[in-house]
Structures are given as structure tokens and as C-alpha cells.
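I have placed the structure first, in the form of C-alpha cells, so that the comments after it can refer back to it.
The values are calculated or read from the model by the stated rules, or taken from the named source; none is laboratory data. What you see is a predicted model, and the numbers here were worked out from it, not measured in a lab. Don't worry about glycine lacking a Cβ; one is built from the backbone with ideal geometry, like all the others, and counts go over all protein chains shown.
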Amino acid sequence: MHRTDLLLLLGLAATWGASYLFLQLGAGEFGPLALAGVRAAGAALVLLPGVVRREARAALRGHLCPVALLGVINSALPYVLFAYASLTLSAGLTALFVALTPLATAAFGAWWGEERLTRGRFAGMALGVAGVAWLASGKLGVKPGATGVPALAIAACVVGTALYGFSTVYARRRLRAIAPLTVAAGSQLAAAAVLAPAAVWAWPDVVPGAGAWAAAAGLTVLCTALAYLVFFRLIQRVGPARTSVVTLLIPAFGLGWGVLFLGERVSVGLLGGCGLILFGTALVTGRLRWLGRGAAVARTAVAAGGLEQARRSAREAECR
């Protein structure tokens, strides 16, 4: 991976990790429904050029229902669920659940017959579930003074993550023929249309302050629209497999932003649950296997280098 691609990957992880910081700053004043509506509408406007071309419009007309459904299950519902969870849970804990997305994707892929559920993947899923159970067993990552029910907030994160995983498999099956940017723009338009009535109905009586609007703008422009563009650029440059590493980096940035800007505390218990989830995700995505292959290649290279050095020494001895 080139340095530019690595910087893009780290920037994408940092940006998506910051979305949970912005949720913390905006959900309290906007409310989950209104904030989700603003996020989808703003992202749709920024991504609108992706659907103005004739080819894009024709593709959307031919796949209107699948794109609209994707907008609901991959954007509208997760936006609301994670905004709701942010009222109770810390930014770090909320961001951690995104690492479960590959586990959910593998589970739905196996259910749909697209992927084989090996023992390693099953073990990874079990570890991920154990990590969630560990986090749900106590008040790990619950904001001080939060009035919400932690179990419901955690359930919202799990359902939102499951929707992300299902959406990945669904888009792969039904929308493979459409350009990714067109799918992103069309799905955001659908999400905005679905959320608009609920956002108007739930709009707060007190106008949100400048800080909340700034958080909504960051969530919309940086963490949704711009992040989509970087995401698809990375897929084109390094492929989907390497790009998916971002799911392992987002929790670290989410925890870091929460500590840096919100004064959140990271407990040993929270890190333990994080470790279980990330280790399970690494098993499901095959990252550990890739590391093992990398080490084997390195050992082979070292051995080959030593053999070549021995051959050179022998040739020098013959010359003498």
C-alpha cells in the first residue's frame, strides 16, 4: 500500500471515528430523529452530483426499489439508532460497535449462501458476541448522569451494526451493476426522503445552538459525504479487502476523540471488551491469517537471503 493510500485509510478511520464525537455533541439538542434527518439531507445534497448524469439516472430508475431499501437499512435506521445510543453511551463505546460489522456481514453472507462459515469465522463471531456481552454486563462506557437505559442503547448499536452487515450483503447481491457513488447518492436521497417527515415532527422546540449545528455539519459533510468519496476512492486504488481494514481502526479513533475532546475515561473493562471484539473481527476477516502469511514470507526471505550469502561466500572461496 502506497503512502498516499495509507494516509487516506487513516484519514477515513479518523473521520468515521469522529462521527461518534459529533453524535455526542449534536444528539442532545437535536434529538435522534432530527439529527438523523439533517445528516441524511445534507449528505444527499453534497452527493447529488453522483446522480445527475444520464447514465446514473438510468441506473437508478432500473434499481429504484433496491436503492431505496438500501437507503433505509444502511442509512436512515442506523443514523437514528446510533444517535439514540449516543444519548446514553460514550463516544468510545458507541464507536466500538462498528468493529462488529464484518462479523454481521459474514453471518448474513453465510445465511444467504455467499460465504462459507468456517470454524475460524464461527470462533470469531463467538468472540464478538462475548465482547458485546462483556460490555453489556456492566455500565462500561455509560455517560455520567445519563437517563437512558444502557441495555437499550447497546441493543440499538447492535441492531445498527447488524443492519450495516446486512446492507453490505444486500448491495453486493442486488446493486453490483451500479457505480458505488451512484448507489451512495441514491441511497442518501432515499434516506433523506424517509427521515424528513419524522425529523419535522420531532424537531426541537428550542433552536439548537451553534455548537450543535457545527456538529451536525461535521457529521454531514465530513463523516458522511466526504467519507463516502474517500471510501470509494480507496476501493478503486487498493481493493475492498484492504479498505475493510478501516473497521479495525475506527474504534481506536473513536476512543481517542472521546478522551481528547469529551474527557471520557477508558477503563480496563472497556478495553477488555474492545479486545474481544477486535480479535473476533480479525478472525472473521482473516487478518490473523494474513499476518501469519506475512511472517512466513518474511522468514522465507530471510532464509533465502542467508542461502544466497552462503553461496556468495563459497564462490569467493573458490576464487581465492
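Inside the stretch 102-139, residues that are surrounded by fewer than 24 Cβ atoms within 10 Å (Cβ to Cβ) and closer than 30 Å to Gly263 by Cβ make up a count of 8.
If you go through the stretch 247-261 and keep only what is at pLDDT 85 or above and crowded, with 16+ Cβ neighbours inside 10 Å, you end up with Leu249, Ile250, Pro251, Ala252, Phe253, Gly254, Leu255, Gly256, Trp257, Gly258. Scanning the stretch 108-140 for residues that are farther than 22 Å from Tyr164 by Cα and either outside the structural domain of Val266 (by TED's automatic domain parsing) or part of a loop (DSSP other than H, G, I, E, B) (or both) turns up Ser137, Gly138, Lys139, Leu140. In the condition set (1) under 25 Å from Ser244 (Cα atoms); (2) surrounded by fewer than 16 Cβ atoms within 10 Å (Cβ to Cβ); (3) of a type outside the set (Phe, Trp, Tyr), Thr147 is compliant with all but (1). Beta carbons closer than 6 Å, at least 6 apart along the sequence or on distinct chains, pair a first residue in the stretch 110-139 that is modelled with pLDDT of 80 or more with a second that is surrounded by 13 or more Cβ atoms within 10 Å (Cβ to Cβ) and of a type in the set (Phe, Trp, Tyr) for Leu127/Phe279.
Would you check if there is a residue in the stretch 29-42 being of a type in the set (Val, Ile, Thr) and over 17 Å from Asn74 (Cα atoms)? Give the derivation first.
Kept after step one, since they are of a type in the set (Val, Ile, Thr), are these residues of the stretch 29-42: 38.
Now narrow it down to the ones that are over 17 Å from Asn74 (Cα atoms): none.
No - not one qualifying residue is present in the stretch 29-42.
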